[in-house]
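Notes for the one structure printed next.
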Amino acid sequence: MLAPLDREPDPSGRAWELAVRVAVLFAIDPAGLGGVRVRAHAGPVRDAWLAMLKAFMGERAWVRVPQSVTDERLLGGLDLPATLSAGRPISQSGLLATVDGGVLVLSMAERISRATAARITQAMDNAQVVVERDGIRQQSSTQFGVVALDEATPEDDGLPEALCDRMAFDIDLRAISPRFIDTDMASAEEITAARERLEKIEMPEAMIDALCSVAMALGVSSLRSCSLALSAARASAAFDDNECCNDDDAQIAASLVLAPRATQLPHEDDDTEGDDAQPEPQQSPAENDSPSPLSQQQAMEDRVLDAAQAAIPPNLLAALISGIKPVRMSGKSGAYSDAGAHGRPIGSRRANNLRGRRLHLVDTLRAAAPWQRLRRALSGEAVAKARVLVRAEDFHVTRVRQRSASVTVFVVDASGSSAMHRLSEVKGAIEMLLAECYVRRDQVALVAFRGRSAELLLPPTRSLTAARRRLSGLPGGGGTPLASALEVTASLVDSLARRGQSPLVVLLTDGRANVALDGSGGRERAQQEAMQTAQQLAQVQVPVLLIDTSPKPQQEAATLARAMRARYLPLPHAGSAQLAQTVRLATGTEPRAFG
């Protein structure tokens, strides 16, 4: 029987028990549960989990897909060798058609293209693959589950959101030691028997309401998540040989499916507190002996919610407590650009001019193949004897994708108000972040503002020593020329973007300007000019993180963040370590552990 997860985690074997639990449920209903995201590098633990899942699947299809798979191999299409040999279009089935009823394993899924993810999700939604290209049309029914092997590092984009939304489970195998591996916790015979019972499992309406209520309480907005949780509960009941889902099944589903998707902590219901609370009507002894259906429903929701809240991953829980929703904003290599002759191949495109480009031979032959019979009939005898007739319109060149350099621009408020309260903590936090940027090979720039104007203290560089030296020598005191700082920052990030780099701005200030652009005093005018320059920075369309360093955050910084379309984080009582940790969580450079 699959019991609910323990409230107190056991680091030694709990993570592997969780992984086995996920493998069991997924093997019972791979198509209904969508998939599993497996966070782990190649090694004995991941290999053991995959071998266990493959054994659970039995004779069902098991198809591996490389991250560089082409549309023709994935969807099906023209069989190029057979077409060239026969002189007429001959079709072949793709991987999505052959995996029907089984599991599609995505190798290095963190590097899969958005286009490939769209093809897979479309097949999952429609339960079929339709191909209409190169003079052929074929339609194949298919239902499958996905195992996405995620080996993501800070420079990778991560899995496409559309694919993650359709996968029920997310497990992390990186912290599991090989000595805790136990593959005898379930058998293939039990999985087969549970699969046969799955269609007969009943789901009470009260349980459906409970899981949907828990999803709302955790801030899970996707309706697919609720549907996946219901499928997980039914699979759990089928494995336990129950005719109907019970509370344990609902708790397992909420823990495995809803908890890792949480975007908020549940709010306590305090409507009955306070002086205006109405006393509950007294009930007769007979009524007390039989709880009302409403109270039973509420009790079920509370139990399921407690199980889900206890299963929220620790790092995600810390982010939710801080009020931060982790979003990737920077990384080692910046954004992608489709330019140049060097980089990662991402397919091909038609081109009449091959100058400076690499010929994509296979796609060129594929474009020419359907026209061979017609071209031979229209050509002379000498030309018709050629094995393949290729024309200029058939030429395809290889498309490549390069990552641009990433530049983190720290904009530091060194005015009198900040120097009095937070400048030392800000310096310490920035030094920690600078060291991590150096490890990721990011470039770093430093803008400081105090007195009458802002100054670019450190142009974009990878020199950690130079950055620390400029930061340690930064004095504090004077006015707050915030408008000047935003003007310098906007000019800097605009020039970086024009050079093909990917800037990220981290602005640390209390948002209270008192020096205008011309260096004159006056809080009202300075604040107005700061708002205007903030709107100019928003036009550059770069990600900005504004950290309010004031001991008592006021409205000025929040209003400024909205004007520049920045993320706003008030940190009134944070030291250097907490400040740095907050930036990591907000920018997505902090690893998130699940399970």
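The values are calculated or read from the model by the stated rules, or taken from the named source; none is laboratory data. The structure displayed is predicted, hence computed values, not measured ones. Accessible surface is based on the protein model in full, side chains and every heavy atom, while ligands, DNA and RNA are left aside. Shrake-Rupley method; radii C 1.70, N 1.55, O 1.52, S 1.80 Å.
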Amide H contacts of V220 (H built 1.01 Å from N, under 5 Å, at least 5 apart or other chain): T263
Segment N126-E431, length gained on full extension (0.36 nm per residue, minus Cα span): 104.7 nm
Sequence of K54, K200, K427 when ordered by accessible area, the most exposed leading, probe 1.4 angstrom: K200, K54, K427
Listed residues D150, D306 arranged by accessible area, highest first, probe 1.4 Å: D306, D150
Note, ³J(HN,Hα) from phi for the stretch 458-474, Karplus 6.51, -1.76, 1.60, rounded to Hz, x at Gly and Pro: 9, x, x, 8, 9, 7, 5, 5, 5, 5, 5, 5, 5, 6, 5, x, 6
Per-residue ³J(HN,Hα) for the stretch 495-512, Karplus 6.51 cos²θ - 1.76 cosθ + 1.60, θ = phi - 60°, Hz, x for Gly and Pro: 5, 5, 5, 5, 8, x, 8, 10, x, 10, 9, 10, 9, 10, 7, 8, x, 9
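Report the gain in length on full extension from T183 to E59: 0.36 nm times residue separation, minus Cα-Cα distance, nm rounded to one decimal.
Result for the pair: 42.8 nm of gain on full extension.
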Rounded to the nearest 10 Å², the accessible area of M124 at probe 1.4 Å: 40 Å²
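Full-extension gain between S495 and Q555, please, as 0.36 nm times their residue separation minus the C-alpha to C-alpha distance. Let's see the in-between values first.
Numbers: separation 60, 0.36 × 60 = 21.60 nm, distance 3.09 nm.
Result: 18.5 nm gained on full extension.
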Residue-normalised accessible area of the stretch 16-100, given per residue in Å² at a 1.4 Å probe: 36 Å²
The stretch 232-239 - phi-based ³J(HN,Hα) in whole Hz, Karplus 6.51/-1.76/1.60, Gly and Pro as x: 5, 5, 5, 5, 5, 5, 5, 5
Rounded to the nearest 10 Å², the accessible area of V488 at probe 1.4 Å: 40 Å²
5 angstrom amide H check on S406, placed H, neighbours 5+ away: G334, Q443, S502
Tail beyond 18 Å, pair distance distribution of the stretch 12-115 (Cα, percent): 58 percent
Accessible-area value, H396, 1.4 Å probe, nucleic acids and ligands omitted, Å²: 20 Å²
Cut-off under 5 Å, modelled amide H: who pairs with D79 long-range: I90, S91, Q92
Alpha-carbon Rg/Rh ratio, for the stretch 437-586, with Rh computed the Kirkwood way: 0.94
Carbon + sulfur, % of accessible area of the stretch 186-235 - ligands and nucleic acids excluded, 1.4 Å: 53 percent
